[in-house]
Amino acid sequence: HKHFIPDNPLANGMRSKILEQIIAHGNLIQEDAIEYILSQKDPMEFVNSFLKQKKDIPFIISLKDIGGGVGKTIEIEKPVLEAIESKAFSMSQKEEIKKPRGISIIKDITGKSTSEGEIRDFKIYFNDRFTKIKKILKGRVEMVGSVPISQAKSMQKCRFIGMVGDIKTTAKGYKVFEAEDENSSIQCFTGKENGTNLIRDEVIGIIGHKGQGRFYVDQVIRPGIPVSKERSTGKGDGSIVFISDIHLGSKTFLKESWEKFINWLKNSANEVNYLVISGDVVDGIGVYPGQESDLSIADIYAQYEELAKEISKIPRNIKIIMLPGNHDAVRPAEPQQTFPAEITKLFSQDILFVGNPCYFSIEGIDILAYHGKSMDDYITNIPHLTYQKPIECMKEMLLRRHLAPIYGDKTPIAPEHEDILVIDKVPDIFVTGHVHCCGLEIYRDIILINASTWQSQTSYQRMQNIVPEPAKAVIVDLKTLNSKVMDFR
Ligand code: D5M
Ligand code: FE
Ligand code: ZN
């Protein structure tokens, strides 16, 4: 399972030569500075004259030191692949699709899908993921002096960035996996301590050494979240309410609790301004074998019609943002585009229908909303995770800066040309649903929410020993960002 198309070998050879020269001089260099040097007409000549002329060269050479300081236009000869990729697709960040009453969409796949599922798509997709997460890893102090894998192979001790391939466990309990970058790959051995939380297709930093012809991982570095993020302070009035997994149309839909919730909303119209619904808004049809016998409404459109009726009871001043989940009538592959017109036209209200995941901002608060299907894979592959503690899953996503890294397990992923499942911008609020639990915790200044469900335990969940915590909503004050769980049972 190879992730990349071979890169431009010429550019790569030059990069290694430049690095060698700089390391031989007793220095290290930052990635953007190398890029700048590679963009010069004669990069070797540029490096040699820089090393010769400048007397006070800092230990770690930055872009500024070599004259490529902030504000200057840098023309970079990008590798061939990046050129193909940017021509093929470029998701404009910060592009505002709609801006109703203080909401703006920052990132959403809706209307922008490029995936045709061809082999080339997969390579472009993984390349984009690698490039994005590599950039975050390069910002970590542990990764200063990291080298391309092609170079790491001939070093005794080294640090590099790679995408994790298939992971095998040896008889002695070591994990063996292939780490891959755009040009090369290396087989890595890791002991129990470093190996337990590795998951396929994640991008990590590796610090290790050679011994007995093998490469041993001493430390795994993950991109993570900075300890202190600049916390957005709310400026808005009122609050946002978060719910998820309504599963309307299911026999186990909790009608009475739902009615209590709707009544509370009616009485809280002054206090509540926004309602975010994180997917599985109806139970759908054909989601799992034998679902027919669990449905109270067998027709998918009738399910959405019934939901529209319920939603119409919500006071008009509450702005609703709705994303799909794995039970909704959209393509199952993530990122999921929003609901089709045949469904959205059933709603009389002005709802903001978005894709899954979606990154949006409400009155200056950045929100990452994701249904959370990939938690099934996280829980299967990381030993300490359980269905009862979704917040821990969400922390593992933030640690890897990716919502759904594993390709080809339970979470279907569409190989878009840009990997918008990468968490490249740290949100103020991160919300999921799917596991039907409820969680609220502040982690490194981010409010983490798992937004419960309106469905009681299904027979499938009983079989799997999944115990839901239904009929809860999380409310976040837009001014103070104080948050609490409300119970409607
Ligand atoms: O998911 C509701 C809950 O049931 C959630 O905790 C996942 C679990 N679930 C559902 N389907 C599966 C499969 N196929 N494997 C493992 N776990 C599953 P919902 O998306 O609402 O059905
Ligand atoms: Fe669900
Ligand atoms: Zn779900």
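Do the conditions hold for PHE189, that is, is it more than 16 Å from ligand 1 (Cβ to nearest atom), farther than 26 Å from TYR125 by Cβ, in a strand (DSSP E or B) and in contact with a Ser or Thr (Cβ under 9 Å, 6 or more places away or on another chain)?
yes
List pairs: first in segment 431-444 and more than 8 Å from ligand 3 (Cβ to nearest atom), second of a type in the set (D, E, K, R) and outside any loop (DSSP other than H, G, I, E, B), Cβ under 8 Å, 6+ apart or cross-chain?
CYS438/LYS472; LEU440/LYS484; TYR443/LYS395
If I filter segment 301-321 down to residues being farther than 22 Å from GLU256 by Cα and buried (at least 20 other Cβ atoms within 10 Å of the Cβ), which single residue comes out as nearest to ligand 3 (Cβ to nearest atom)?
Per the criteria, the residue is ILE321.
So, of the residues in segment 428-471 that are surrounded by 23 or more Cβ atoms within 10 Å (Cβ to Cβ) and over 25 Å from the mean Cα position of the chain (by Cα), which turns out to be farthest from THR380 (Cα to Cα)?
TRP454
Determine the pairs where a residue that is more than 24 Å from THR344 (Cα to Cα), located within segment 254-282, has a partner that is hydroxyl-bearing (Ser, Thr, Tyr) and not in a loop (DSSP other than H, G, I, E, B) with Cβ atoms under 9 Å apart, the partner being 6 or more residues away or on another chain.
Pairs found: SER268/SER239; GLU271/SER239.
Is it the case that some residue within segment 293-315 is at pLDDT 95 or above, closer than 26 Å to ASP487 by Cβ and under 22 Å from the mean Cα position of the chain (by Cα)?
Scanning segment 293-315 turns up no residue that is at pLDDT 95 or above, closer than 26 Å to ASP487 by Cβ and under 22 Å from the mean Cα position of the chain (by Cα).
Of (1) closer than 27 Å to GLY286 by Cβ; (2) among the acidic types (Asp, Glu); (3) away from ligand 3 (no atom under 15 Å from the Cβ), ASP350 satisfies all except one. Which?
Among (1) closer than 27 Å to GLY286 by Cβ; (2) among the acidic types (Asp, Glu); (3) away from ligand 3 (no atom under 15 Å from the Cβ), ASP350 violates only (1).
Which residues, counting only those in segment 254-298, are in a loop (DSSP other than H, G, I, E, B) and within 23 Å of ASN450 (Cβ to Cβ)? Step through it out loud before you land on a result.
First, the residues of segment 254-298 that are in a loop (DSSP other than H, G, I, E, B): 254, 268-271, 278-281, 283-290, 296-298.
Selection gives LEU254, SER268, GLU271, SER278, GLY279, ASP280, VAL281, ASP283, GLY284, VAL287, TYR288.
Looking at segment 472-489, which of its residues are touching a helix residue (DSSP H, G or I) at 6+ places or on another chain (Cβ under 6 Å) and either of a type in the set (A, V, I, L, M) or surrounded by 17 or more Cβ atoms within 10 Å (Cβ to Cβ) (or both)?
PHE488
Output the qualifying pairs, or none if there are none: Cβ atoms under 7 angstrom, residues six or more apart or on different chains, first residue in segment 138-163 and assigned to a strand (DSSP E or B), second residue of a type in the set (Ser, Thr, Tyr) and surrounded by 19 or more Cβ atoms within 10 Å (Cβ to Cβ).
ARG159/SER146; PHE160/SER146; ILE161/SER146
Which residues, counting only those in segment 386-419, are within 11 Å of LEU448 (Cβ to Cβ) and buried (at least 21 other Cβ atoms within 10 Å of the Cβ)?
Of everything in segment 386-419, those that are within 11 Å of LEU448 (Cβ to Cβ) and buried (at least 21 other Cβ atoms within 10 Å of the Cβ) turn out to be PRO390, CYS393, MET394, MET397, LEU398.
Scan ALA329, ALA333 and give me the residue that is in contact (Cβ under 8 Å) with a residue 24 or more places away in the chain, within 16 Å of ligand 3 (Cβ to nearest atom), surrounded by fewer than 19 Cβ atoms within 10 Å (Cβ to Cβ) and under 22 Å from the mean Cα position of the chain (by Cα).
ALA333
Step by step: first the residues of segment 419-443, then only those that are within 16 Å of ligand 1 (Cβ to nearest atom) and not aliphatic (A, V, I, L, M), then the one that is nearest to ILE365 (Cα to Cα). Which residue is that?
Looking at the filtered set, the residue picked out is THR432.
For segment 461-485, which positions are touching a Phe, Trp or Tyr at 6+ places or on another chain (Cβ under 7 Å) and either within 12 Å of ligand 2 (Cβ to nearest atom) or not in a strand (DSSP E or B) (or both)?
ILE466, PRO470, ALA471
Can you tell me how many residues within segment 439-480 are closer than 13 Å to TYR387 by Cβ and touching a Gly at 6+ places or on another chain (Cβ under 6 Å)?
Result for segment 439-480: 1.
If you scan segment 288-328, which residues turn out to be of a type in the set (A, V, I, L, M, F, W, C), within 21 Å of GLY372 (Cα to Cα) and within 14 Å of ligand 1 (Cβ to nearest atom)?
If the condition is that a residue be of a type in the set (A, V, I, L, M, F, W, C), within 21 Å of GLY372 (Cα to Cα) and within 14 Å of ligand 1 (Cβ to nearest atom), then LEU323 is the only one that fits.
Quick test for you: out of GLU392, GLU418, pick the one residue that is among the acidic types (Asp, Glu), out of contact with any Lys or Arg (no Cβ under 8 Å at 6 or more places or on another chain) and closer than 18 Å to GLY224 by Cα.
Values: GLU418 fails: closer than 18 Å to GLY224 by Cα.
Only one candidate passes the filter, namely GLU392.
Scan segment 301-347 residue by residue and report those that are among the hydroxyl-bearing types (Ser, Thr, Tyr), farther than 26 Å from SER113 by Cα and touching a strand residue (DSSP E or B) at 6+ places or on another chain (Cβ under 9 Å).
Selection gives nothing.
Test ASN317 against the criterion of being in contact (Cβ under 8 Å) with a residue 12 or more places away in the chain and within 16 Å of ligand 2 (Cβ to nearest atom), and give yes or no.
Judged against the criteria, ASN317 is not a match.
Count, please, the residues in segment 444-477 that happen to be closer than 22 Å to TRP264 by Cα, among the β-branched types (Val, Ile, Thr) and more than 10 Å from ligand 1 (Cβ to nearest atom).
4
State the number of residues belonging to segment 245-257 that are more than 16 Å from ligand 1 (Cβ to nearest atom) and either surrounded by 13 or more Cβ atoms within 10 Å (Cβ to Cβ) or of a type in the set (A, V, I, L, M) (or both).
Residues that pass the stated criteria total 1.
What residue, of PRO340, PRO383, is over 15 Å from the mean Cα position of the chain (by Cα), more than 16 Å from ligand 1 (Cβ to nearest atom) and without any contact (Cβ under 8 Å) to a residue 24 or more places away in the chain? Walk me through how you get there before you give the answer.
Details: PRO383 fails: without any contact (Cβ under 8 Å) to a residue 24 or more places away in the chain.
Criteria check complete, one pass: PRO340.
The values are calculated or read from the model by the stated rules, or taken from the named source; none is laboratory data. Since the structure is predicted, the reported quantities are computational estimates derived from the model, not experimental observations. Neighbour counts are summed over all protein chains in view; Cβ atoms, including those assigned to glycine, are modelled from backbone coordinates with ideal geometry.
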